[in-house]
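Right, one structure below, let's go through it.
The values are calculated or read from the model by the stated rules, or taken from the named source; none is laboratory data. Predicted, not measured: the structure shown is a model, and the values here were computed from it. For neighbour counting, all protein chains shown are included, and Cβ atoms are generated from backbone atoms with ideal geometry for every residue, glycine included.
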Amino acid sequence: MDAANMENLSRPIPIVTVILLFVGISVFLIPETIPWLIYDRSAILSGEVWRIFTGHMVHFSGSHLLYDLLVLGITGSIIERRNHLSYGWFCVLSAMCISLTLLVFEPNMHFYGGFSGIAFGGFIYLALDGFRESGPWQQVCLIAFLLGMSKLFLELIGQWPESIIGASGSFVSVPLSHLVGSLIALIFQMRYIKTAYDELIPLVVSPVDAKQHAKSLL
């Protein structure tokens, strides 16, 4: 067996991702559990604090579940197979912070569900992680980071079409959850922020320098 195959076999199984996918699917297939798990503001404030974590396991439609599990499954698997043992803590902290933020800043939101905040944060987590490498993967991650931040910005200013993100009449997207997930990712990957800055500045400055140089030749 060659070294490449040995390396693939030695990579860890994405156990956190597998558990989250299993739980998300199970809750959706057993709807009787939803009333006990969903983020319910009144219930949480009455002492049912487990909903801060379990609310993210609840999804309101098949498309809602599909989109969340697709992003969570892909990003989570890659992150874990890159030997990031802290990914589990990232998911726990993201779930807690997202729910607590909604409790404080969205007092009129009585119910919430879905992995989207954690999944979006995982997407940013993976993109930032790629900055520590060189070559094509670093460039791919840089582009992914910029696209992710652009999407978040459009969501926050209300310019991201709900039809693209799979929203329906039964639920709406919550950009605040994506913002919090992204912030947790930034905290976990803080050591790569400088690398991101060093990569972004040439992309912005170089075109400006080129234009100035062109004008000087006229």
1 or more residues surrounded by fewer than 21 Cβ atoms within 10 Å (Cβ to Cβ), β-branched (Val, Ile, Thr) and modelled with pLDDT of 80 or more: qualifying helices (runs of 4 or more DSSP H) within the stretch 105-215: 136-156, 175-188
Among (1) buried (at least 18 other Cβ atoms within 10 Å of the Cβ); (2) assigned to a helix (DSSP H, G or I), the one test that GLY88 misses: (1)
Filter pass, CYS97 being farther than 16 Å from LEU20 by Cβ, buried (at least 17 other Cβ atoms within 10 Å of the Cβ) and out of contact with any His (no Cβ under 8 Å at 6 or more places or on another chain): yes
Any pair with Cβ under 6 angstrom, 6 or more apart, that starts in the stretch 138-160 at a residue that is in contact (Cβ under 8 Å) with a residue 60 or more places away in the chain and ends at one that is among the small types (Gly, Ala, Ser) and in a helix (DSSP H, G or I): GLN138/GLY130
Helices (runs of 4 or more DSSP H) (entirely within the stretch 8-60) containing at least 2 residues that are hydroxyl-bearing (Ser, Thr, Tyr): 15-29
Test: TRP137 is within 21 Å of LEU183 (Cα to Cα) and more than 13 Å from the chain's Cα centre (by Cα): no
Test: GLY47 is modelled with pLDDT of 95 or more, small (Gly, Ala, Ser) and under 17 Å from the mean Cα position of the chain (by Cα): no
GLU80 vs. criteria of a type in the set (Asp, Glu) and outside any helix (DSSP H, G or I): no
Boolean, SER63 is buried (at least 23 other Cβ atoms within 10 Å of the Cβ) and among the polar types (S, T, N, Q): no
Hits in the stretch 32-57 - residues which are closer than 17 Å to GLU106 by Cβ and surrounded by 17 or more Cβ atoms within 10 Å (Cβ to Cβ): ILE38, TYR39, ASP40, ARG41, ALA43, ILE44, ARG51, ILE52, GLY55, HIS56
